[in-house]
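If you scroll down you'll find the structure; I have some questions about it.
The values are calculated or read from the model by the stated rules, or taken from the named source; none is laboratory data. Fair warning: this is a prediction, and the values are worked out from it, not measured in the lab. Cβ placement follows ideal geometry from the backbone for every residue including glycine, while neighbour counts extend to all protein chains displayed.
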Amino acid sequence: MKTTGKRSLFLFFFLLLFAGGMCFFLFEYVTDGGQWAMQPYNAHLSGTSTTANGSVVDRHGLKLLTTNNGKRTYSDDETVRKSTLHLVGDSAGNISTGVQNAFKTELTGYNIVTGLTDIKTTKQGGSIRLTVDADLNKLAYRKLAGRKGAAIVTNWKTGEVLCLVSTPTFDPANPPSDLKTNESAYQGVYVNKALTGQLTPGSIFKIITSAAAIQNISNLDSRTFHCNGSVIVDGNAITCANGEKHGTIDFQHALADSCNVTFAQLAIEMGKNKMTAAANSLGLNESFNIDTLTVPKSNYNVANASDNQLGWSGVGQYTDQVSPAYMVRLLGAIANGGTPQELRIIKSVTGDLTSPNKFGTPKLGRQLMTTDVASRLKNYLRGDVKISYGDDFFGDMKQMCAKTGTAELGGEKGNNGWMVGFSADESTPYAFAVVVQNTDEFGINAAGPIARALLNEAVDNHD
């Protein structure tokens with residue numbers, strides 16, 4: 001009996017191993033089957049090539065990537081290749097947001113049922129037309145000028161992403177030999193910061209704190225605040241930039257002057273629960289999709305914060321983190337009356353084994369705020385431009401609403417210099433978020449000129 005029991009135990013153990021192995025295999029097959037099928041050593045599976053013919057073009061039809069009999073050919077323009085790397089992806093598949101990796105089914109005709117074979121003997125892969133304008137990407141890349149950061153421009157009426165650049169980058173047609181060893185030049189190069197970057201926001205977070213204040217403080221517009229340049233909370237100071245004393249101001253001027261003292265005190269007054277509830281309602285602590293790409297949730301967590309830390313969270317410091325994609329989605333919601341158009345990077349898809357209706361249709365997301373909150377935020381951000389930056393700052397753009405931020409990273413890391421905003425003019429419905437990392441400049445100086453150049457280029461090439 002003991003021998004039978006031991007044999008049964010061993011058999012049960014091996015059955016568990018087998019079941020676990022099968023589950024792991026099926027998971028890998030579903031998630032990575034396309035990558036397996038397209039490896040060069042599997043060419044015999046599809047006859048002459050493991051990859052069907054396909055292409056990726058920008059919104060105007062400019063070639064970004066062509067696949068022919070398994071050979072990938074990128075744009076002839078080196079700057080286009082570098083500026084669209086995080087959109088198109090690299091041949092090794094290290095960039096998860098790249099079209100080559102994320103949309104391999106549409107490009108190659110691969111699916112988990114038929115693999116690379118189909119009843120159509122002349123099957124072709126898909127042609128993907130992106131919403132992105134390659135010229136805007138080139139401009140963003142040039143304006144970032146070798147600095148680390150990201151830029152994203154969208155049409156808030158349609159949800160189309162018109163520009164998406166993340167740096168550092170490299171040429172996918174000629175990858176540098178020191179790509180994996182030169183950390184100073186290529187650290188984070190496989191991360192698409194525009195979509196998945198989790199970055200300290202600084203004063204652009206005051207948009208979220210403003211929304212919370214609108215929802216919870218009934219006399220917000222009639223109140224006045226007093227700033228002596230700093231306030232002591234829990235024995236430690238919360239200071240305004242350079243210790244600037246703003247004196248007695250109303251809420252509009254507190255936002256326009258980016259008064260840390262006022263916004264820290266507002267966050268403390270509202271408390272952890274109300275600040276967290278506002279952040280959650282605005283979608284900050286949840287992920288969302290751009291087509292089939294997942295944008296990870298940003299972060300606002302003050303559960304264990306002291307009052308001093310809660311105050312700093314209200315001005316975009318403490319542990320606050322956002323992505324540029326989250327910010328343009330939020331700004332699109334403000335511009336669109338509280339509900340954003342879902343962001344999308346694919347304009348259309350054609351080819352065998354693809355559904356032409358799967359992509360390219362505008363779709364409203366969930367409501368992030370009431371129309372009243374959206375209207376008041378729009379007015380505050382419009383006042384921010386009038387008071388702080390001036391309409392001339394944006395050149396040809398009209399009815400601009402914007403906010404800058406300078407997030408202190410500590411030590412020798414410098415700042416994250418931000419500028420975010422949108423045009424309330426429906427003839428130029430652009431929203432943007434630009435960040436320059438590890439800079440010694442304020443957001444208005446680091447990110448502002450990039451934003452202005454991109455917006456005016458978008459107006460000039462409006463289609």
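Of a type in the set (S, T, N, Q) and modelled with pLDDT of 95 or more: does that describe N461? Quick ask: steps written out before the conclusion?
Working: of a type in the set (S, T, N, Q): yes; modelled with pLDDT of 95 or more: no.
In short, no.
Can you give me the number of residues within the stretch 236-270 that are farther than 13 Å from V315 by Cα, in contact (Cβ under 8 Å) with a residue 60 or more places away in the chain and of a type in the set (S, T, N, Q)?
2
Check the stretch 377-393 and report whether any residue there is β-branched (V, I, T) and either in contact with a strand residue (DSSP E or B) (Cβ under 9 Å, 6 or more places away or on another chain) or under 24 Å from N192 (Cα atoms) (or both).
Step one: list which residues in the stretch 377-393 are β-branched (V, I, T), which gives 385, 387.
Pick out the ones that are also either in contact with a strand residue (DSSP E or B) (Cβ under 9 Å, 6 or more places away or on another chain) or under 24 Å from N192 (Cα atoms) (or both) and you get 385.
Yes, there is a match, as at least one residue in the stretch 377-393 is β-branched (V, I, T) and either in contact with a strand residue (DSSP E or B) (Cβ under 9 Å, 6 or more places away or on another chain) or under 24 Å from N192 (Cα atoms) (or both).
Please give the number of the condition G316 fails out of (1) at negative phi; (2) within 26 Å of the chain's Cα centre (by Cα); (3) buried (at least 19 other Cβ atoms within 10 Å of the Cβ); (4) not acidic (D, E).
Condition not satisfied by G316: (1).
With the structure loaded, tell me whether T239 is β-branched (V, I, T) and under 21 Å from K403 (Cα atoms) or whether it fails that test.
Working: β-branched (V, I, T): yes; under 21 Å from K403 (Cα atoms): yes.
It is true that T239 is β-branched (V, I, T) and under 21 Å from K403 (Cα atoms).
Going through the stretch 232-252 one residue at a time, which ones are surrounded by 12 or more Cβ atoms within 10 Å (Cβ to Cβ) and assigned to a strand (DSSP E or B)?
Hits for the stretch 232-252 are V233, N236, A237, I238, T239, G247, I249, D250.
While we're here: Residue by residue through the stretch 234-247, note down the ones that are among the aliphatic types (A, V, I, L, M) and in contact with a Phe, Trp or Tyr (Cβ under 9 Å, 6 or more places away or on another chain).
Taking the stretch 234-247 as the starting set, the residues that turn out to be among the aliphatic types (A, V, I, L, M) are 237-238, 241.
Listed by number, the residues that qualify are I238, A241.
Go through the stretch 423-438 and report how many residues are within 21 Å of G197 (Cα to Cα) and either over 20 Å from the mean Cα position of the chain (by Cα) or of a type in the set (F, W, Y) (or both).
Summing the residues that are within 21 Å of G197 (Cα to Cα) and either over 20 Å from the mean Cα position of the chain (by Cα) or of a type in the set (F, W, Y) (or both) in the stretch 423-438 gives 1.
Take the stretch 392-407 and flag every residue that is among the basic types (K, R) and closer than 16 Å to L255 by Cα. Before you say what the answer is, go through the steps one by one.
First pass over the stretch 392-407, keeping only residues among the basic types (K, R): 398, 403.
Of everything in the stretch 392-407, just one residue is among the basic types (K, R) and closer than 16 Å to L255 by Cα, namely K403.
For the stretch 345-457, list the strands (runs of 3 or more DSSP E) that sit wholly inside it and hold at least 3 residues that are under 18 Å from K143 (Cβ atoms) and not hydrophobic (A, V, I, L, M, F, W, C); which are they?
Values: elements: 346-350, 400-408, 415-423, 430-439.
Hits in the stretch 345-457: 415-423, 430-439.
Would you please name the residue that is nearest to L409 (Cα to Cα), looking only at residues in the stretch 275-320 that are free of Cβ contacts under 8 Å to residues at least 60 places away in the same chain and among the β-branched types (V, I, T)?
This residue is T319.
Just one of the numbered conditions (1) more than 30 Å from A325 (Cα to Cα); (2) at pLDDT 95 or above is not true of L220; which one?
(1)
I would also like to ask the following. For the stretch 427-447, how many residues meet the condition of being touching a strand residue (DSSP E or B) at 6+ places or on another chain (Cβ under 6 Å) and more than 24 Å from N336 (Cβ to Cβ)? Steps first, answer last, please.
At the first step, the residues of the stretch 427-447 found to be touching a strand residue (DSSP E or B) at 6+ places or on another chain (Cβ under 6 Å) are 429-437, 439, 441-444, 446-447.
After this cut, where a residue has to be more than 24 Å from N336 (Cβ to Cβ) as well, the list is 436-437, 439, 441-444, 446.
Residues meeting the conditions: 8.
Need pairs with beta-carbon distance below 6 Å; first residue under 18 Å from V57 (Cβ atoms) and within the stretch 153-167, second assigned to a strand (DSSP E or B); sequence gap 6+ or separate chains.
V161/T154; L162/V153; C163/V153; L164/I152; V165/A151
Which one of the conditions (1) of a type outside the set (F, W, Y); (2) under 23 Å from F263 (Cβ atoms); (3) at pLDDT 95 or above does G410 fail to meet, given that it meets all the rest?
In the conditions (1) of a type outside the set (F, W, Y); (2) under 23 Å from F263 (Cβ atoms); (3) at pLDDT 95 or above, G410 misses (3) alone.
Is it fair to say D392 is more than 21 Å from A134 (Cα to Cα), without any contact (Cβ under 8 Å) to a residue 12 or more places away in the chain and surrounded by fewer than 14 Cβ atoms within 10 Å (Cβ to Cβ)?
On the way: more than 21 Å from A134 (Cα to Cα): yes; without any contact (Cβ under 8 Å) to a residue 12 or more places away in the chain: yes; surrounded by fewer than 14 Cβ atoms within 10 Å (Cβ to Cβ): yes.
So D392 passes the test.
Considering only residues that are closer than 27 Å to T158 by Cα, buried (at least 17 other Cβ atoms within 10 Å of the Cβ) and of a type in the set (S, T, Y), which ones fall in the stretch 399-446?
Selection gives T404, S423, T428, Y430.
Within the stretch 101-124, how many residues turn out to be touching a Ser or Thr at 6+ places or on another chain (Cβ under 7 Å), at pLDDT 55 or above and not aliphatic (A, V, I, L, M)? Don't jump to the end; show me each part of the working.
Of the residues in the stretch 101-124, the ones touching a Ser or Thr at 6+ places or on another chain (Cβ under 7 Å) are 102, 106-108, 111, 116-117.
Going one step further and asking which of them are at pLDDT 55 or above, we end up with 102, 106-108.
From what's left, not aliphatic (A, V, I, L, M): 106, 108.
So the count comes out to 2.
In the stretch 319-348, what residues are surrounded by fewer than 21 Cβ atoms within 10 Å (Cβ to Cβ) and farther than 29 Å from T406 by Cβ?
Matches in the stretch 319-348: G337, T339, E342, K347, S348.
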